[in-house]
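Report on the structure given below.
The values are calculated or read from the model by the stated rules, or taken from the named source; none is laboratory data. In this text the structure is predicted, and so the values were computed from the model without any measurement. Cβ atoms come from the backbone with ideal geometry, glycine included; neighbour counts cover every protein chain shown. The protein model used for the area step is the full one, side chains on, heavy atoms only, and it has no ligands, DNA or RNA in it. Shrake-Rupley method; radii C 1.70, N 1.55, O 1.52, S 1.80 Å.
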Amino acid sequence: MQRTAVTTPAQQTKGITLERHIRDEERKHPGARGVFTRLVSQISLASKIVNAEVNKAGLVEILGLTGHTNIQGEEVQKLDEYANEVFRRALDHTGPVAALASEEMEDPYIVPGELLDEGQYVVVYDPLDGSSNIDVNVSIGSIFSILRRPTKSGPARLEDFLQPGTKQLCAGYIIYGSSTMLVYTTGNGVNGFTLDPSVGEFFLSHPDIQIPPRGKIYSINEGNSATWDERVSRYVAHLKKEDKAAGRPYSARYIGSLVADFHRNLLKGGIFLYPGDKKSPSGKLRLLYECSPMAFIVEQAGGAASDGKGRILEIQPAKLHQRTPLVIGSREDVAEALRFLSGEAS
Ligand code: AFP
């Protein structure tokens, strides 16, 4: 007798396109008008354009692009500035996006009134995170977050962006790696799509991603250990101490590209830390376009994210480019790290 494999409903949707997935998700909400389908489709388009350039990054020298000028005498843009423009242009005329803010722009870009229809959303993004890794062919990424704007009329304002992460409607990232993937959540689980470069389409490859409750990987820049707080040092020392029953020692994995470090830990389990230290009490990473979107994703996948004291998603931002310490990953690992950081464990 032939056996039929048992598949979960999430697995049965494997292979559908990103666009169909968003549309199917949107249909679950009565009254939805396809806005998200439009926005995420534009983000996916931008990511494909950036992906094409990222793939060519190693050819820049060979193709004769020297210094700041290319062979046509045009100025060569840095890839992160280029990516910033690609995402801005993909989103600034969609109608529902009233303003955009990014790591590459000091102030928000307010969409001109004539390009708005409803203008109810703002988008925050990091167009090319980990860009110092480009030159050495290491995975980098883009991160995005979509929020409803609280000010209902007139041009969008700074306060439209200064919302805690709990208010995010959608967050995601694109990883430009050995394959290119887009991972996103709208608060209904986390799904990952892999780009098939032969047809230029993202297909659902990782339905309903769940981060393992505990991992075996820790990711932190140990080069900063001289400036760490004692409690961080004690936690990291604990992870290295052998205890077979508890699954220790952990393995260290650190790429220096948040999207790549986060993505690996999301799939395999583990913990990523970028703590504040004596030099930079708030750490390095930015709340609105790095930590909050990743916190939304990890919580939706069953994990946790904290600044060492409380939930990342509950931080009320005071500034657009605000930094925060970050402890993110498997639920039990984050809980254990917090016991060390609070002084409860040592
Ligand atoms: P770059 O975009 O300047 O490469 O910074 C990347 C990043 O913001 C984040 O992606 C990494 O997790 C983090 O910085 C790495 O920082 P360190 O180099 O200080 O470890």
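Among the residues that make up segment 294-308, is at least one of them touching a residue at least 24 places away in the same chain (Cβ under 8 Å) and within 13 Å of the ligand (Cβ to nearest atom)? Show your work before the answer.
Initial filter on segment 294-308 (touching a residue at least 24 places away in the same chain (Cβ under 8 Å)): 294-298, 300-306, 308.
Add one more test, that the residue is within 13 Å of the ligand (Cβ to nearest atom), and what stays is 294.
Yes - at least one qualifying residue is present in segment 294-308.
Quick check on this structure: which one of Val236, Val232 is touching a residue at least 40 places away in the same chain (Cβ under 8 Å) and β-branched (Val, Ile, Thr)?
Values: Val236 fails: touching a residue at least 40 places away in the same chain (Cβ under 8 Å).
Testing whether each residue is touching a residue at least 40 places away in the same chain (Cβ under 8 Å) and β-branched (Val, Ile, Thr) leaves just Val232.
Could we say that Glu222 is within 11 Å of the ligand (Cβ to nearest atom), modelled with pLDDT of 95 or more and more than 26 Å from Ile22 (Cα to Cα) here? Against the criterion (within 11 Å of the ligand (Cβ to nearest atom), modelled with pLDDT of 95 or more and more than 26 Å from Ile22 (Cα to Cα)), Glu222 qualifies. Scanning segment 210-219 for residues that are of a type outside the set (Val, Ile, Thr) and within 16 Å of the ligand (Cβ to nearest atom) yields Tyr218, Ser219.
Quick check on my filter: what residues within segment 238-269 are assigned to a loop (DSSP other than H, G, I, E, B), within 14 Å of the ligand (Cβ to nearest atom) and open to solvent by less than 70 Å² (accessible area, probe 1.4 Å)?
Ile255, Gly256, Ser257
Working only within segment 204-232, note down all residues that are open to solvent by 50 Å² or more (accessible area, probe 1.4 Å) and touching a Pro at 6+ places or on another chain (Cβ under 8 Å). The one that is open to solvent by 50 Å² or more (accessible area, probe 1.4 Å) and touching a Pro at 6+ places or on another chain (Cβ under 8 Å): Asp229.
Please indicate, with yes or no, whether at least one residue in segment 291-303 is in a helix (DSSP H, G or I), of a type in the set (S, T, N, Q) and open to solvent by 50 Å² or more (accessible area, probe 1.4 Å).
Residues of segment 291-303 that are in a helix (DSSP H, G or I), as a first pass: 291-300.
Retained after the next criterion (residues that are of a type in the set (S, T, N, Q)): 292, 300.
Checking which are open to solvent by 50 Å² or more (accessible area, probe 1.4 Å) leaves us with 300.
Checked segment 291-303: at least one residue is in a helix (DSSP H, G or I), of a type in the set (S, T, N, Q) and open to solvent by 50 Å² or more (accessible area, probe 1.4 Å).
Per this entry, Tyr235 is not counted among residues that are of a type outside the set (A, V, I, L, M, F, W, C), under 30 Å from Val122 (Cβ atoms) and buried (at least 17 other Cβ atoms within 10 Å of the Cβ). For segment 270-282, what are the residues that are within 25 Å of the chain's Cα centre (by Cα) and open to solvent by 30 Å² or more (accessible area, probe 1.4 Å)? Of everything in segment 270-282, those that are within 25 Å of the chain's Cα centre (by Cα) and open to solvent by 30 Å² or more (accessible area, probe 1.4 Å) turn out to be Tyr274, Ser280, Pro281, Ser282. Just one of the numbered conditions (1) closer than 16 Å to Ile209 by Cα; (2) at pLDDT below 95 is not true of Lys279: (1). If you go through segment 18-65 and pick out every residue that is in contact with an Asp or Glu (Cβ under 8 Å, 6 or more places away or on another chain) and either open to solvent by 40 Å² or more (accessible area, probe 1.4 Å) or at pLDDT below 90 (or both), you end up with 6. Pairs under 9 Å by beta carbon, first residue surrounded by fewer than 16 Cβ atoms within 10 Å (Cβ to Cβ) in segment 80-96, partner assigned to a helix (DSSP H, G or I) and not polar (S, T, N, Q), six or more apart or different chains? So the pair list comes out as Arg89/Ala46; His93/Leu115.
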